[in-house]
Amino acid sequence: MNNKPRILITCLSGKLFGGGEMHALTLYKMLRAAGYHTTMLVNAHTALHKRLITEGLPCYSVRLRWLQRNFRSIFCFLIARKIRTICTQEKIDIIHCNAHEEVRSAAQAALGTSIGIIFTRHIPDRFNVAKIKGAHASIGVTPNITTYIEQENIKNNVGMNTVLHIPPFFDSERLDRFVPTTPREDFFSINFGVTIKPLPLFCVIGNMVPDLQHKSHPLLFKALTHLINVFGQHAQVVLAGDGPMRPTFERMVKEQGLADYVYFLGATDKIPGILYHSDFLVLPSIKEAFGLVYAEAGMMRRAAIGAYQTGAEIVLRNEHTGLLFKNGDAHDLACAIKRLIDNPTWTQQMGNQAHEHIMKNFVPRITFEQHELLYAQLAQRQQPL
């Protein structure tokens, strides 16, 4: 008999597929592989929903995005009803939420039951922690996020018994499975219609969202201009990801004379190949919680560049697995890029060390064990809410 708790994962995100969605999807797949009865609730017609359908993974979906954007109270009420129905049908023991707005609905749905509620916080922005009152445990994907929730939990008497730091999940299996079949030039030509030049090539992976501090593409363009015009170092960059700011960024690239060096690849499932065929990864974010792409780059034995005072410092070891630059400083970012270009042997050595570092500290099997312990702890709850 399977005595493992039955789990509902909620991830009612927007259209794009980012780190939070990757975490939720990977967690779902790992739970199923480990024999847990689990399901997901997602917004219909989003990138996450499409991934679930493509991979043949069952889920529940709702078509309430308009209400979510414009009438949150009504949305939360309807989601609470949906969660309650799912919990009854699936005999759920634990609801695992991935946005703080979901906790309110989960708590309403769980009234009068012994269902445990977990909340994972994926972004570094401050929020009203009192809004997650009803959660029994919270996970911060970085130490800073975890400390903030711990402090606010006490300050606002939220009542959570457990607050943990656990790094987020990423799909390490798709990286392990990757086998190159074409040279670099053919890979980008066949998959993206892009003609790569015989120049150093690095990649940026991230959605193009209105929050310009998150991923910070304009800072990258400024650094690339500095690299070319001041240092005389020509290099090219491929940008994987999509979003509402893409037309603006494409216009910026043309206006700054960078069209011959910057390639927009769009949303893609070819991330392992992009990392493999790039010399290194750059994530210019001024604001970043964890940066799953650093872990992905390490899995592909690629060094990375990230900013101080972001999640980069959790994953990157400066001058050992990659380089850290002064947050928001385009000149310092350009200097870091030049250092890696000028020292390809050192760059590859750091990529190999990054692989070792990720395998020892951040692969999903390690973080999954921590989740299982937390699930077992919550499943022992006997008293109703």
### Additional length obtainable on full extension of the chain from residue 72 to residue 186, 0.36 nm per residue less Cα span
36.3 nm
### Message
How large is log10 of I(q)/I(0) for segment 327-379 at q = 0.13, 0.15, 0.28 Å⁻¹ when the intensity is taken from the Debye formula with one equal scatterer per alpha-carbon?
### Response
-0.57, -0.65, -0.97
### Query
Percent of accessible area on segment 302-366 owned by carbon and sulfur, 1.4 Å probe?
45
### Message
Check which residues have an amide H placed less than 5 Å from residue 194's amide H, if you skip close sequence neighbours.
### Response
189
### Query
Considering segment 179-222, what Rg and Dmax in Å follow from its alpha-carbon atoms?
13.7, 37
### Query
How many percent of the alpha carbon pairs in segment 1-76 exceed a separation of 22 Å?
26
#### Entry: Per-residue HN-Hα couplings for segment 153-161 [Karplus 6.51, -1.76, 1.60; θ = phi - 60°; Hz; x = Gly/Pro]
4, 6, 4, 9, 6, 5, x, 6, 7
### Query
Across every pair of different alpha-carbon atoms, what Kirkwood hydrodynamic radius in Å does the chain reach?
21.8
#### Entry: Extension reserve of the residue 91-residue 154 stretch, reckoned as 0.36 nm per residue once the Cα distance is removed
19.5 nm
### Query
Mean shadow of segment 237-360, computed from the convex hull of its alpha carbons, in nm²?
7.5
### Message
Between residue 2 and residue 147, what is the label-point separation in nm under the 7 Å Cα-to-beta-carbon projection?
### Response
4.0
### Query
Where the convex hull is taken over the Cα atoms of segment 89-244, what is its projected area averaged over directions, in nm²?
14.2
### Reach of residue 50 by Cα under 23 Å, taken over lysines that are not fewer than 8 positions away in the same chain
15, 29, 82, 270
### Message
Between residue 267 and residue 133, what is the label-point separation in nm under the 7 Å Cα-to-beta-carbon projection?
### Response
3.7
### Task
Could you list the trypsin sites (Lys or Arg not before Pro) in segment 1-101 that lie in coil according to DSSP, counting only those with at most 14 other Cβ atoms within 10 Å of their Cβ?
63, 91
## Note on the structure
Mean accessible area per residue over the chain (1.4 angstrom probe, all protein chains present, square angstrom) is 44
#### Entry: Cross-link partners of residue 222 among lysines (Cα-Cα below 26 Å; sequence separation of 8 or more within a chain)
197, 254, 287, 326, 338
### Message
Could you tell me the center-to-center distance, by alpha carbons, between segment 68-85 and segment 190-213 in angstrom?
### Response
37
### Task
Return an integer: the convex hull volume of the alpha-carbon atoms of segment 284-354, in Å³ per residue.
63
### Mean projection area, nm², convex hull over Cα of segment 241-307
5.2
## Note on the structure
Stretched fully, the stretch from residue 348 through residue 248 gains (0.36 nm per residue minus C-alpha distance, one decimal, in nm) 32.6 nm
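The values are calculated or read from the model by the stated rules, or taken from the named source; none is laboratory data. Here the structure is a predicted model, which is why all the values come from computation and not from measurement. Note that we place each Cβ from the backbone using ideal geometry, even for glycine, and neighbour counts take in every protein chain shown. Ligands, DNA and RNA are stripped out before the accessible areas are found, and what is left, the full protein with its side chains, is counted by its heavy atoms. Shrake-Rupley method; radii C 1.70, N 1.55, O 1.52, S 1.80 Å.
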